[in-house]
Amino acid sequence: MTKAGKTALIIGGGVAGMEAALRIGQAGFDCVLAEKEEVLGGTVLQLSSSFPRWENPLELVEERISQLKLCGRIKIMTATSAIESRVSKHGYSVTLQSRNGETTNLDIDAVVLATGFGMMDVSVYGEYGYGIYPEVVNSLEFEARIKAWSAGLGKVPEGVAFFKCVGSRDRSKGYPYCSKICCMYTAKQAGLVKDMFPYTKVYVFYMDYRAAGKCYEEFVREVIEKKHVTYVRGRPAKILPEGGKLLVRAEDTLIGIPIEVSVDIVVLASAAVPRRETGPLAEMFGAKADKYGFLERQRFSLAKASDRVFFAGGCGFPLETLAAQQEGASAAAEVIELFAHE
Amino acid sequence: MQTKRVINPGERIPRVPEAVFLFRSCTGSLEYPGTESAVKETLKFLGVEAVTDPDQTCCSGFLQACSAYKPEFCLAVTARNLAIAEKKGLDTYTFCNGCYTGLSEFSHTLLSHQDQRAAANELIGRWGYRYEGRTAVYHVQEMWYRLKERIAEGVVRPLKGLRVAAHYGCHYLSAQYGILDDAGYPTFHEELFEALGATPVFYKERQLCCGYSVGRGFTHKEAIVQPHLHKKIKSAAVAGVQLMTTVCPGCNVALDREQPNLNRLYGEEFHIPVIDLAQLIALALGVPASKLGFAANTTSLDHVLKKLNCDKGS
Amino acid sequence: MHRERDKDRDDNLRRKVDVYHLAENLEDCLQCGKCVGACPVASLSPSYNSRQIVSDVLNGQQERWLKSEEIWRCFLCSGCYAACPVDINFPNLMMQLRYMAVEHKYGLKYVIPFKRFALAALQDGLTFVPAGPKGRDRIRKIRTDIGLSPWPEVSEKAREEYRALFDLSGAGAFMETINEEDDKPVELQYTEGRVTFADKTGH
């Protein structure tokens, strides 16, 4: 069953993009999956575990890649970015460029933008010393630490402190929105540290914890009650170096007194922001973005940004892995519907 | 996210003025006249004329912060003082964080509230003053940083080996927007120290307030301010600080004059002289120590001056 | 002691205290506690808690902070304001809370020490002039030795105008309301005594 002539271009080979490509391909339409890195997988590749089931995220990525390869209609182009686009008779004429400089021109009938989210640069928080003290890292960088520890590399920390809402829920130096996933991944990261090093003191400094999902609340409670991570309600004010360690100053607001804890590593759950490729791509394809650069969906649609342009995943707003996949599938459904009716 | 927080010196002071209205701090002129002198000398070196006016009065910000004055008085006093600068067509530079914040905040209120500006202008109008907001308010530390290269080139007495600590004070960085550095981790004073050849020390309580800014040194000295100052000075001593700088005579009073009390109360042997940043710059630029009024300091600088070979009038 | 009730609270309090419209975004407060983590006073005197005071004002609770010792401890250092993720200008709020307390005659003992400086300033147009002749002579000598005028110049015209503004702007009238005999006692109202540090100096 061939659907002659229809091609979709998916820009971004993370879980959302892979899902969209897979569904469109399996529905019988041609697609090109363009990914700017050398490998598919996106942000999920960097993760050491997942919530709420503590699964290995690489298994999901590997599974999806093999399915993509099995489907004959999907052309995977890694180390490739879209650099130019013109409106054409049936859609868009897009120029792709690979890292070695080679360009390809494609006539496509629909685009799915799936460029994902990145971490805010939290060096604006001088009080936290990101970029000043080497042991202050953001949550994505910390995933690499967890992977290293799992492989037996790196010093065992005596204390780790996680700060939530660094850049999120912050009208002063950051963004007013909530980045949605940090409460869950912080609980995950804190739990993993305790699993590896039961004698390490692990603190999570929070204002709230948001666990709105299936098995989410139970996940966080497990981390607190069974893995013995210490949750302190108070947004930290400052980090000071002292005696080779990092001193965290905050208030324990549930008691109402200022406290200090001394740790080796501080992990900043930084606000999720659209990746910088998103803005230029949105412009290229006439997609609207909000004031933070996240793509906006048209009224009543699930994934439509503009004529023949769809989006899925973190480029629309931060979300967890399963939700990104679901959005990829929704975008695919709208593309398939579009193609089927033409 | 709104107006820019940290801006670079070229944005803050786009064109270096030939002359400025130097707003004199009463605490500065009365407690540490050497600060007044050092500011004038440094401005002179930088080719900026410092214009003062005997018609200028105290900014009156301190007593307002201590709840002794109501803002209406300070709004009128600010309008009057700044009108003097405006008449000369000059921007206003002060050498006290307290004056800086008072003048900034009150002038901002005057400019953004038509009714309050009208009320103030009515009061001062009887003597022919009128405030229209045509004089911008700065602190001289901004000028020092703006002309850091010029200062570095003029150093004749590099402060080699001197371990200097900054005390930024609270009331410049607290403005947060449109200023030279981030209150979270400021570094521009340390950059100036390096330009002078000194070694900056990032001591643990570097950013702690001095405790004196709103008169708690009068109302809560033993209960709060002395234990607080003990923490600050102790952390500097532990870090091997030899000299501390301030940009506010109020802070200077707290950090300098309380040290003997702290030594007595806590059995310490603190001896960290505290001077104004302008005095440090002036020393490095070759201004003789005898012109910098260190006789006013409680914690003596003699050993530092000896180390720099600039004791006794050289 | 009775349980706090809605009738003990004034929903309009946050607008009443913000007479000068300097802290209009109090409702933005997330009660995150970053201010308290930064506060130098709280680290020594945990009963003083900026977050709890904001909470009280938002909830319309006046009695606690109005009659408190705590509000007189703030250094107005703005560490809280710099830390605050929603830019609540807490020092500006504190300043107004103190005015309100003074209006109700609480905490006058913490304002009275400054009366004499205020009255001296009327003479010289300068604040913090040394009290006695010895102090003044010392200043004159230091200033002269370094080539400055013996005394910071403030013209007679300036001093007269300063005095006039003091009366015309109501500063004088305000000062007259600050008297020892009217002073009502204040005490720690929040948690001191009930929650303390092991080491009282907080080191």
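Bear in mind that the values in this text are calculations on the coordinates, not laboratory data. Predicted model only: the values in this text are computed from it and were never measured. Glycine gets a Cβ as well: all are built from the backbone with ideal geometry, and neighbour counts include every protein chain shown.
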**OP:** Report relative contact order for chain B in percent, whole number only (criteria: Cα-Cα under 8 Å, sequence separation at least 6).
**Re:** 22 percent
Original post:
Rounded to the nearest 5, what % of the DSSP beta bridges within region A:120-271 are antiparallel ones?
Top reply: 40 percent
Subject >> C:Asn179-B:Phe202 FRET efficiency (beta carbon distance; Förster radius 35 Å; 0.05 resolution) >> reply: 0.15
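For chain C, what does -39500 (n - 2.57) per DSSP helix run (n ≥ 4), summed and divided by total residues, give at 222 nm, in deg cm²/dmol to the nearest 500?
Helices in chain C give a 222 nm mean residue ellipticity of -12000 deg cm²/dmol.
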Subject >> Dipole of region A:120-271 [Lys/Arg +1, Asp/Glu -1 at C-beta], most positive-end residue of A:Pro258, A:Leu240, A:Thr230 >> reply: A:Thr230
**OP:** Have a look at the DSSP beta bridges in chain A and tell me what percent are antiparallel, nearest 5.
**Re:** 45 percent
Original post:
Distance in nm between label sites at B:Glu222 and C:His104, each 7 Å beyond Cα in the beta-carbon direction?
Top reply: 2.9 nm
**OP:** For chain C, with a Gaussian network of springs between Cα atoms less than 10 Å apart, report the residue from C:Glu70, C:Glu161, C:Glu180 with the top mean-square fluctuation.
**Re:** C:Glu161
Subject >> Hits among lysines - C-alpha to C-alpha of B:Lys148 under 16 Å, sequence gap 8 or more where chains match >> reply: B:Lys44
Original post:
Listing B:Tyr177, A:Tyr128, A:Tyr185 from the residue with the fewest other Cβ atoms within 10 Å to the one with the most, what is the order?
Top reply: B:Tyr177, A:Tyr185, A:Tyr128
Subject >> Within the protein assembly as shown, percent of DSSP bridges classed antiparallel, to nearest 5 >> reply: 35 percent
Original post:
What is the distance, in nm, between label points placed 7 Å from the Cα along the Cα-to-Cβ direction at B:Tyr177 and at B:Asp115?
Top reply: 2.2 nm
Subject >> Which of A:Asn56, C:Leu122, A:Met207, positive extreme of dipole for the protein assembly as shown (C-beta unit charges) >> reply: C:Leu122
Original post:
At B:Thr187 and B:Lys87, where each label point lies 7 Å from the Cα along Cα→Cβ, what is the point-to-point distance in nanometres?
Top reply: 4.5 nm
**OP:** Compare A:Gly154, A:Gly25, A:Gly328 in a GNM of chain A, Cα atoms joined below 10 Å, and give the one with the largest fluctuation.
**Re:** A:Gly154
Original post:
Based on the Cβ-Cβ distance from B:Ala237 to A:Leu247, what FRET efficiency comes out when R0 is 25 Å, to the nearest 0.05?
Top reply: 0.85
**OP:** List every residue whose amide H lies under 5 Å from the amide H of B:Tyr69, counting only residues 5 or more places away in sequence or on a different chain, with H placed 1.01 Å from N in the peptide plane.
**Re:** B:Gln64
Original post:
If one takes the longest principal axis of the Cα atoms in chain A, at what angle in degrees, from 0 to 90 and to the nearest 10, does the Cα axis of helix A:182-196 lie?
Top reply: 60 degrees
Original post:
If you take the charge dipole of region B:155-307 about its Cα centre, with +1 on Lys and Arg Cβ and -1 on Asp and Glu Cβ, which of B:Cys209, B:Thr299, B:Val287 is farthest toward its positive end?
Top reply: B:Thr299
Subject >> In order through region A:303-313: 3J(HN,Hα) via Karplus (6.51 cos²θ - 1.76 cosθ + 1.60), integer Hz, x for Gly, Pro >> reply: 9, 8, 9, 6, 4, 6, 10, 10, 8, 7, x
**OP:** Return one number: the angle in degrees, 0 to 90 and rounded to the nearest 10, between the long axis of the Cα atoms of helix C:133-145 and the longest principal axis of the Cα atoms of chain C.
**Re:** 70 degrees
**OP:** Using the number of other C-beta atoms within 10 angstrom as an exposure proxy, rank B:Arg257, B:Arg80 with the fewest first.
**Re:** B:Arg257, B:Arg80
Original post:
Per residue, how much space in cubic angstrom lies within the convex hull of the C-alpha atoms of the protein assembly as shown?
Top reply: 201 Å³
Original post:
Karplus couplings for region C:57-70 from phi (6.51 cos²θ - 1.76 cosθ + 1.60, θ = phi - 60°), rounded to Hz, Gly and Pro as x?
Top reply: 4, 5, 7, x, 8, 9, 4, 4, 7, 4, 9, 8, 6, 4
Original post:
Tell me which lysines have Cα within less than 17 Å of A:Lys304's Cα, excluding those fewer than 8 residues away on the same chain?
Top reply: A:Lys288
Original post:
Quick one: B:Thr187, B:Thr219, fewest Cβ neighbours within 10 Å first, how do they rank?
Top reply: B:Thr187, B:Thr219
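Nearest 0.05, what FRET efficiency do A:Glu84 and A:Glu38 give at R0 = 25 Å with Cβ-Cβ as r?
The value I calculate is 0.70.
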Original post:
Remind me, relative contact order of chain C in percent, using alpha carbon pairs under 8 angstrom and six or more residues apart?
Top reply: 27 percent
**OP:** Mind putting a number on the dipole of region A:14-137 about its Cα centre? Charges go on the C-beta only, +1 for Lys and Arg and -1 for Asp and Glu, and I need it in Debye to the nearest 20.
**Re:** 480 debye
Original post:
Against the longest principal axis of chain A, how steep is helix A:139-150, in degrees 0 to 90 to the nearest 10, with axes from Cα atoms?
Top reply: 70 degrees
**OP:** Evaluate the relative contact order of region A:120-271 (contact order divided by residue number), counting alpha-carbon pairs under 8 angstrom at least 6 apart; express in whole percent.
**Re:** 32 percent
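Is there a quick way to get the dipole size of chain A? I mean about its Cα centre, with the Cβ of Lys and Arg at +1 and of Asp and Glu at -1; what is the value in debye to the nearest 20?
360 debye
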**OP:** Enumerate the amide H contacts of A:Asp30 below 5 Å, restricted to partners 5 or more residues apart or on another chain; note that Pro and chain-start residues carry no placed amide H.
**Re:** A:Lys6, A:Ala8
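Using a simple charge model, +1 on the beta-carbon of Lys and Arg, -1 on the beta-carbon of Asp and Glu, nothing else, what dipole does region B:50-159 show about its Cα centre, in debye to the nearest 20?
Details: 12 positive and 12 negative charges, 33 e Å.
Its charge dipole is roughly 160 debye.
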**OP:** Pairs to check: B:Lys291/C:Lys141; B:Lys204/B:Lys234; A:Lys155/B:Lys204; A:Lys188/A:Lys291; A:Lys173/B:Lys4; B:Lys70/C:Lys16. Give those whose C-alpha atoms are more than 20 Å from each other in this structure.
**Re:** A:Lys155/B:Lys204; A:Lys188/A:Lys291
